[in-house]
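So the structure is just underneath, and the comments pick up after that.
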Amino acid sequence: MKKINKELLNNITVLYIEDETIIREEVSFFFKRFIGAFYTACDGEEGLEKYKELNPDIIITDIQMPKMNGLDMIKKIGNTNTPIIITTAYSDIEFFLQAIELNVSKFVIKPIDLKELLFDLQECIVHARLKDRLYEKENLLKIINENVLISITDNKGVIIDVSESFCELVQYSKDELLGSTHEILKHEDTPESFYQNMWDILNQGKIFKSEIKNRKRTGEVYWADLTI
């Protein structure tokens, strides 16, 4: 059974564009019971202005309207992560094809079932926020990969992943490093006791920190602050 998430709905901004006054007022009256900030516009031109002013979390718009229709308004908004729900009394395939090209999230056929529209809106917001979080995570991982020196090994010390930044430093390709150990970087001045102490600490489940002297593939020496 679907449930209304009052906390979610109370903390979002919705822009609803509809040229028919009776429908606009009916939808507005119902939604303002749940939505923290619910704004309306009577055509695409006003909708575009309010979009720029409000930066809403979601847009609900009719297709056929005077001055500027819903699809033209969406085109003028341009690329946006804002979910868009289209309401329409028309079943013309051309409208739907254009809307799909514009990445519209959902279609609602009039007469509108207000409770179902509320659930549609709620679902769109949840999906949009999950998508934003995924994008943020992927973006963060990309930043780490390009800028942070990281190598990942199994519990035997075999390298199973490395960042691009690490590869650039040591002058080995990722393929060359995967499956090998950090012996490939070992400097002859580093005593075996260093590694024995390292493994003793790691096998106790503790974090190992130290400065280490290694060699790049070119033979060039480098020092690194090591945290395992």
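The values are calculated or read from the model by the stated rules, or taken from the named source; none is laboratory data. Note that the structure is predicted; figures quoted are calculated from it, not measured. Here the Cβ positions follow ideal geometry from the backbone for every residue, glycine too, while neighbour counts run over all protein chains shown. Heavy atoms of the whole protein, side chains included, go into the accessibility calculation; ligands, DNA and RNA do not. Shrake-Rupley method; radii C 1.70, N 1.55, O 1.52, S 1.80 Å.
Put simply, of Ile100, Ile4 the only residue that is closer than 15 Å to Asp120 by Cα, at pLDDT below 90, open to solvent by 30 Å² or more (accessible area, probe 1.4 Å) and not in a strand (DSSP E or B) is Ile4.
I want to confirm something. Restricting to the range 48-73 and keeping residues that are touching a residue at least 24 places away in the same chain (Cβ under 8 Å) and of a type in the set (Lys, Arg), which single residue is farthest from Leu117 (Cα to Cα)? Lay out the reasoning, then the answer.
Pass one, the range 48-73, residues touching a residue at least 24 places away in the same chain (Cβ under 8 Å): 48, 50-51, 54-73.
Imposing the further condition that a residue be of a type in the set (Lys, Arg) reduces the set to 50, 67.
Values: Lys50: 21, Lys67: 25 Å.
My answer is Lys67.
If you check Ala89 against the conditions, is it over 21 Å from Ile12 (Cα atoms), surrounded by 14 or more Cβ atoms within 10 Å (Cβ to Cβ) and modelled with pLDDT under 85? Please lay out each step first, then the result.
Numbers: over 21 Å from Ile12 (Cα atoms): yes; surrounded by 14 or more Cβ atoms within 10 Å (Cβ to Cβ): no; modelled with pLDDT under 85: yes.
For Ala89, the condition - over 21 Å from Ile12 (Cα atoms), surrounded by 14 or more Cβ atoms within 10 Å (Cβ to Cβ) and modelled with pLDDT under 85 - is not met.
Taking the range 187-228 as the range and being in a loop (DSSP other than H, G, I, E, B), under 37 Å from the mean Cα position of the chain (by Cα) and in contact (Cβ under 8 Å) with a residue 12 or more places away in the chain as the test, the residues that pass are Ile207, Phe208, Lys216, Ile228.
Residues in the range 168-186 that are part of a loop (DSSP other than H, G, I, E, B) and either exposed (fewer than 12 other Cβ atoms within 10 Å of the Cβ) or over 42 Å from the mean Cα position of the chain (by Cα) (or both): Ser173, Gly179. Can you name the residue in the range 7-49 that is in a strand (DSSP E or B) and hydrophobic (A, V, I, L, M, F, W, C) and, of all such residues, is farthest from the chain's Cα centre (by Cα)? Filtering the range 7-49 for residues that are in a strand (DSSP E or B) and hydrophobic (A, V, I, L, M, F, W, C), the one farthest from the chain's Cα centre (by Cα) comes out as Ala41.
Within the range 13-39, residues that are without any contact (Cβ under 8 Å) to a residue 60 or more places away in the chain have Cβ atoms under 9 Å from residues that are among the aliphatic types (A, V, I, L, M) and open to solvent by 30 Å² or more (accessible area, probe 1.4 Å) in these pairs: Thr13/Leu54; Leu15/Leu54; Ala37/Leu54; Tyr39/Leu54, counting only partners at least 6 apart in sequence or on another chain. Once the range 7-37 is narrowed to residues that are among the charged types (D, E, K, R) and either touching a helix residue (DSSP H, G or I) at 6+ places or on another chain (Cβ under 7 Å) or under 17 Å from Asp57 (Cα atoms) (or both), the residue that is most open to solvent (accessible area, probe 1.4 Å) is Glu7. Restricting attention to the range 145-167 and to residues that are small (Gly, Ala, Ser) and under 22 Å from Ile201 (Cβ atoms), the residue that is most open to solvent (accessible area, probe 1.4 Å) turns out to be Ser151. For the residues Lys115, Lys142, Lys131, Lys137, the requirement of being open to solvent by 80 Å² or more (accessible area, probe 1.4 Å), part of a helix (DSSP H, G or I), closer than 14 Å to Thr82 by Cα and not small (Gly, Ala, Ser) singles out Lys131. The number of residues in the range 128-176 that are in contact (Cβ under 8 Å) with a residue 24 or more places away in the chain, in contact with a Ser or Thr (Cβ under 7 Å, 6 or more places away or on another chain) and aliphatic (A, V, I, L, M) comes to 1.
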